Each structure stands twice: as structure tokens, then as C-alpha cells.
Amino acid sequence: MHDYIIVGQGIAGTLVAHFLLQQGKKVLVIDKQHHQAASMVAAGLINPITGRNFVKSWRIDELIPFAIKTYQQLEQQLNISILETKPVAMLFNSVKTENDWLVRSSNPDVVDYVADDFQLDFYKNFMEDVQNGVEFKQAGRVRLKELVLAYQTLLQEQGTYLEASFDYQALEIEPNQVKYKGISARRIIFAEGFQATQNPYFNYLPFAPAKGDILLVNIPNYPAKDKLVKHGVFVIHLKEDLYWVGSTYNRDYKTIDPSPKAKKSLEERLKRVLKIPFEVVEHLTAIRPTVRDRRPFIGQHPHLKPLYLFNGMGAKGSYLSPFFAAEFVAYLEQEKALDQEVDIARYYRYYEENEVK
Ligand SMILES: Cc1cc2nc3c(=O)[nH]c(=O)nc-3n(C[C@H](O)[C@H](O)[C@H](O)COP(=O)(O)OP(=O)(O)OC[C@H]3O[C@@H](n4cnc5c(N)ncnc54)[C@H](O)[C@@H]3O)c2cc1C
């Protein structure tokens, strides 16, 4: 008998598996070749101060140190490089944005994250239209794709991985266990990212997925490999001359295919700001598992007790997943209460309303 079946091995399922295995649990992970996985397309940015209003990200003071500790531990375990710590440079193209920043800059919330060596002339050398800017420290990038693939190999070597599309119709649910195609487990955890909208047990939850298009671009001689630069779009070094440029954010999408309109818009935005020639080599898209109230979806099914969900990492999977995967495992194994803000119990009423219809 397994302790857990985990459906989905993006960053969310990977980290839940990691913390359960650390506690000696018997786990089986099922994934369908990372089909449409956001974790395969995301930049993996850890960005403490976000948005036009320069707002400190929710619970970032505890999320970042925990994420760093977890990824460093995984680097040791898997013997690969996962975490790149580098500053985020936000470049301003107008006096208005500069003034907005000046108003925010002395706020105690953001002060600790401001790096004090922003050099305007450096950026003006290769970027157009730079009025001013700011660099934030305690930032970086997580190589999500590399981590997920290395962890898959580890699970396969341990014989705890099944490459398959999970068939919801084949799940037998009993009061204290589940059975799936001859495999028994005490509990099953669903971590399918935005594809949870196809999960008949949890699709009553108010997911609000957001599509993102990105470009992979060759930029020979780009001088800011060691920064995560945002000037309209993010330009993020991947390897050699290859950069990640993105992204769009679209809640109103009709298809999950790459959008020619989004590609054109990203290309034009990059052309507008970058003084150096570049060449687009690939156009990718994925869907973020975003949620209406912008908080993770974690917890137990309202009636089917062996069923659990770990989802809703939204646009911040790289730094929400480590902390909340550890919290979730403490809830499952040590009966630590879940934070009410992330517990899906906040939406149990939606389930009841669905049942009545
Ligand atoms: C363009 C873009 C840019 C982003 N940039 C960032 C960023 O800079 N920083 C950041 O923190 N976050 C970023 N994100 C968000 C981040 O990608 C997500 O928060 C995170 O990847 C979600 O992880 P997940 O494991 O929940 O889902 P996913 O990565 O989508 O993984 C779900 C997995 O479940 C599997 N699955 C689904 N259904 C089934 C089934 N029926 N049977 C078997 N397997 C199944 C899929 O194959 C997949 O592997 C970005 C997202 C996008 C789209």
C-alpha cells in the first residue's frame, strides 16, 4: 500500500513529493510527460517587489529564505544547479514611473530589498528610453524545468514514477483509501496546475487561469547576463546567447496554442527597448494556475476524505511552492493546521452550491 499518489509533477507536485519522501513516505507520482506544464515555460523568477505600484509580494519575507534553503538542499541532492541569485532591475521609461517609485522608495516594506548600486549609464548603453530605474536584491531565478526533469529521473530511478495521463474515471474512492488501476494508497494529492479545471473532484473551485506567451531569443553581446532586467518586458539570461523574453498575461484566451498576436507584441516591445540586434528562435506558451483571490488552493476535499489538492501557485510558483509544500506536508503528517488564507475550505460553499444545481 502506498501512502500517497500524487497526480502532476510540475514544481508543485515535485516539492510535495520531495517533502513527503523526506519523511519516509511511500509515494507514487503520475505525470503525462509534462504536457502543457507551466513549469516548463516559466522563467522561475523570484521577485520581491512587483507591479506598477512597487508592492512587496505577499509573505515574501518568509517565502524567499525558505525557497532558497529548499532549492539549495535540492541542488545538493540532485547534483545540479537550480538557483541563480541575481538582482531584478526595473527600468523606468517615464518621469511618472520614476515619481511613483520615489513615493514608494522610503516605505519600510521595500527599503530592505533595494540594492544601492543602480547604474543608469550601464543600462543606457544597450537599452533605449531609460529615464531611471532601481535594482532589487534578494531576487533571482529558479531553473524550474531542469529541477522538474532531474526530479523525474530521481523518481524513475526509485521506481516511484508512472508516466501516464491520469484517468479520473478509474479512481475508486473508499472512506480511508483510494484504488487506482490496482494500486492502493491512503491518500491522493492532485497537483495538475491549470489542468485541474478538468478534475471532476476539484473543478468547482474558482480557478481563473491566465495564459502567458514568451519568446526565446538569441542576443549576442548582451551585457546584462547577471541581471533580471525588466523594461516593458523581462529579459532573462538562460544559457550562452539565449534569453527568455516575456511575458503576456491573458485571462481571456480561447486556445492554449501560441498566439501570433502575442508574439508580435513581445517582439515589438523588445525591438522598442533593445539597442542590440536579436533573433527570435522559439515562441512558447503555457497557462498559469491563477486563482480569483490570488491565494493557493490547498487542502482536503469537502466530503471525499482521501482526496487532496495542492494547486493555485498562480504566477509565483517558484517561491510559493517550497514554503506551502512544506506546510502542506506538516498538515498531512503532523496535523499542523493549514493557514486559512490558502485552505480550500474557504470555498467549500461553492461545492455545496454545485451539488444543489
Ligand atoms: C509564461 C509564464 C511565465 C511564468 N513566470 C514565472 C516566474 O517568473 N516566476 C514564478 O514563480 N512563476 C512563474 N510562472 C508561474 C509558474 O509557472 C506556475 O506557478 C507553476 O509552474 C505552477 O506549477 P504547477 O506544478 O502547479 O503546474 P504545472 O507546471 O502546469 O504542472 C502540472 C503538471 O500536471 C500534469 N498533469 C496535469 N493533468 C494531468 C493528468 N490528468 N494526468 C497526469 N498528469 C497531469 C502536467 O503534465 C504537468 O506536468 C509563469 C507561468 C507562465 C505561464
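The values are calculated or read from the model by the stated rules, or taken from the named source; none is laboratory data. Keep in mind the model is a prediction, meaning the values are calculated, not measured. Cβ coordinates were reconstructed from backbone atoms using ideal geometry, including for glycine residues, and neighbour counts include every protein chain displayed. The protein model used for the area step is the full one, side chains on, heavy atoms only, and it has no ligands, DNA or RNA in it. Shrake-Rupley method; radii C 1.70, N 1.55, O 1.52, S 1.80 Å.
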VAL273 vs. criteria of a type outside the set (D, E, K, R), in contact with a strand residue (DSSP E or B) (Cβ under 7 Å, 6 or more places away or on another chain) and open to solvent by 70 Å² or more (accessible area, probe 1.4 Å)
no
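Within region 21-35, is even one residue open to solvent by 70 Å² or more (accessible area, probe 1.4 Å) and part of a strand (DSSP E or B)?
Taking every residue of region 21-35 in turn, none turns out to be open to solvent by 70 Å² or more (accessible area, probe 1.4 Å) and part of a strand (DSSP E or B).
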Working carefully through the options GLY299, GLY312, GLY317, find the one that is within 21 Å of THR50 (Cβ to Cβ), touching a helix residue (DSSP H, G or I) at 6+ places or on another chain (Cβ under 6 Å) and open to solvent by less than 20 Å² (accessible area, probe 1.4 Å).
GLY317
Meets criteria (small (Gly, Ala, Ser), more than 8 Å from the ligand (Cβ to nearest atom), open to solvent by 10 Å² or more (accessible area, probe 1.4 Å) and touching a helix residue (DSSP H, G or I) at 6+ places or on another chain (Cβ under 6 Å)) for ALA326:
yes
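Going by the conditions given, is THR85 modelled with pLDDT under 95, on the phi < 0 side of the Ramachandran plot, within 16 Å of the ligand (Cβ to nearest atom) and open to solvent by 20 Å² or more (accessible area, probe 1.4 Å)?
no
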Can you pull out the strands (runs of 3 or more DSSP E) entirely within region 154-264 that have at least 3 residues that are in contact (Cβ under 8 Å) with a residue 24 or more places away in the chain?
161-163, 183-190, 210-218, 228-231, 233-239, 242-246
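Got a sec? Which of LEU270, LEU266, LEU274 is in the same structural domain as LEU91 (by TED's automatic domain parsing), within 13 Å of the ligand (Cβ to nearest atom) and closer than 22 Å to PHE126 by Cα?
One residue alone meets the criteria, LEU266.
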The number of residues in region 179-229 that are surrounded by fewer than 20 Cβ atoms within 10 Å (Cβ to Cβ), of a type in the set (Lys, Arg) and more than 24 Å from VAL27 (Cβ to Cβ) is 2
Hey, among the residues in region 207-263 that are within 19 Å of the chain's Cα centre (by Cα) and hydroxyl-bearing (Ser, Thr, Tyr), which one's nearest to the ligand (Cβ to nearest atom)?
SER247
Of all residues in region 9-20, how many are open to solvent by 10 Å² or more (accessible area, probe 1.4 Å) and either among the charged types (D, E, K, R) or in a loop (DSSP other than H, G, I, E, B) (or both)?
1
Give me the residue from region 110-133 that is within 24 Å of the chain's Cα centre (by Cα) and in contact (Cβ under 8 Å) with a residue 60 or more places away in the chain and, out of that set, surrounded by the most Cβ atoms within 10 Å (Cβ to Cβ).
TYR113
